[in-house]
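The block underneath contains the structure these notes are about, expressed in structure tokens.
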Amino acid sequence: MLHHIEIYVSDLERSTEFWGWFLSKLNYKIYQKWDKGISWRLKDTYLVFVQAEADYLEAGYHRKRIGLNHLAFQAGSKEQVDELSEEMKEKGITILYSETHPHAGGVGHYALYFEDPDRIKVELVAP
């Protein structure tokens, strides 16, 4: 079982707003909060977001470099995927692979793909 994931972000305030909204929809609750970071927890697993130091901001993030490609979360239902898709459109969040949404992962795979403020790809998969 995964214990936690820690992600450095370019703008903690912006990431907190984005991830707080999304994770609350999946029943995550704030677990820890301090001046340089915040975490949300669901059961025994938690996600930590930490403000990157200024010296490390310039390179930015890109999922095609070595390292993390994307984070995938389990939705409660296809309806939840659809609801969050609509809410993201209303918030101006770009849905990736919109031309094949919600089957961008292939036939039989119902999911929403989008990016966080640092362009980390996120997937929400229906059961």
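The values are calculated or read from the model by the stated rules, or taken from the named source; none is laboratory data. Quick caveat: nothing in here was measured; it's all calculated off a predicted structure. A quick note on method: Cβ atoms are made from the backbone with ideal geometry, for glycine too, and the neighbour counts reach across all protein chains shown. To get the accessible areas, we keep the full protein, side chains included, count just its heavy atoms, and leave off ligands, DNA and RNA. Shrake-Rupley method; radii C 1.70, N 1.55, O 1.52, S 1.80 Å.
Miscellaneous remarks
- Some residue of the range 39-50 being at pLDDT below 95, over 16 Å from residue 116 (Cα atoms) and out of contact with any helix residue (DSSP H, G or I) (no Cβ under 7 Å at 6 or more places or on another chain): no
- With respect to (1) open to solvent by 80 Å² or more (accessible area, probe 1.4 Å); (2) out of contact with any His (no Cβ under 9 Å at 6 or more places or on another chain), the lone exception for residue 119 is condition (2).
- Checked against (1) open to solvent by less than 50 Å² (accessible area, probe 1.4 Å); (2) farther than 13 Å from residue 117 by Cα, residue 7 passes all but a single condition, namely (2).
- Test result for residue 86, part of a strand (DSSP E or B) and within 17 Å of the chain's Cα centre (by Cα): no
- Scan of the range 89-127 for residues that are assigned to a loop (DSSP other than H, G, I, E, B), under 19 Å from residue 26 (Cα atoms) and of a type in the set (D, E, K, R), ordered by number: 116
- Tallying residues that are surrounded by fewer than 14 Cβ atoms within 10 Å (Cβ to Cβ) and more than 15 Å from residue 7 (Cβ to Cβ) within the range 35-49 yields 3.
- Being aromatic (Phe, Trp, Tyr), touching a Leu at 6+ places or on another chain (Cβ under 8 Å) and closer than 21 Å to residue 3 by Cβ is a description that applies to residue 73.
- Whichever residue in the range 63-83 is among the small types (Gly, Ala, Ser) and modelled with pLDDT of 95 or more and, among such residues, is nearest to residue 118 (Cα to Cα): 72
- Residue list for the range 25-49, filter: out of contact with any Gly (no Cβ under 9 Å at 6 or more places or on another chain), part of a strand (DSSP E or B) and touching a residue at least 12 places away in the same chain (Cβ under 8 Å): 29, 31, 32, 37, 39, 41, 42, 45, 46, 47
- Pick from the range 50-95, criterion in contact (Cβ under 8 Å) with a residue 24 or more places away in the chain and among the polar types (S, T, N, Q), ranking: surrounded by the most Cβ atoms within 10 Å (Cβ to Cβ): 85
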